[in-house]
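Visitor: Take a look at the following structure, please.
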Amino acid sequence: MRRWLLLLLGVLALQAMAQGGLYKWVDEKGVVHYSDKPPAGKAGEKLKAKSQPPLDAASSPQRSRSWQEQLQDSNERRFQEEKQQKEAQQTAREAEEKCQRARYALDSLKQERPLYRVGKEGDRSYLEDEERRRLIAGWQQQADANCR
């Protein structure tokens, strides 16, 4: 019983000290002092403690992300960058192939020799000058679009 009484008195004494407040005063030399007790023989200003507003979910600071989360984000970014790089390389390869095809076709069409197509039954149909010019214009557009 005596222990409980001493414990209760100790808790009450701590609470009284904690609620005693904070005092501020300036000495003769102009130095500012802070203490939980008022100055002896001098007037000290009692400071009021401001209570912190309760934290709610909207105003709570975001927690810092763990190194695993940061590593995962970094790996995801690297994966996306590599994917974009591969897609760009594939697009460049396709454009190069189209460019080579267009140049080859232009070279063939610009030569001054008869060109023909072979039909299903093996018969030849020769290109007329107008059709040759139309094909040259089409392949030239392909070359302009894909050759850099």
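Every number here is computed from the coordinates shown, using simple stated rules; none is lab data. Since the model is a prediction, treat every value here as computed from it, not as a measurement. Note that each Cβ is placed from the backbone with ideal geometry, even for glycine, and that neighbours are counted across all protein chains shown.
Visitor: So what's the net charge close to Glu96: Lys and Arg +1, Asp and Glu -1, counting the other residues with Cβ under 11 Å from its Cβ?
Guide: Local charge sum for Glu96: +3.
Visitor: Taking the simple approach of a point 7 Å from Cα along Cα-to-Cβ for both Ala40 and Ser64, what is their distance in nm?
Guide: 4.6
Visitor: If you don't mind, another one. So what is Rg over Rh here for the stretch 74-137, counting just Cα atoms and using Kirkwood for Rh?
Guide: Value, to two decimals: 1.34.
Visitor: Any chance you could run the full-extension gain for Leu7 through Gln111? It's 0.36 nm times the residue separation minus the Cα-Cα distance, nm to one decimal.
Guide: That pair, Leu7 and Gln111, stretches by 26.4 nm at full extension.
Visitor: Taking R0 as 30 Å, what FRET efficiency do you get between Asp123 and Glu97 from their Cβ-Cβ distance, rounded to the nearest 0.05?
Guide: Result of the calculation: an efficiency of 0.45.
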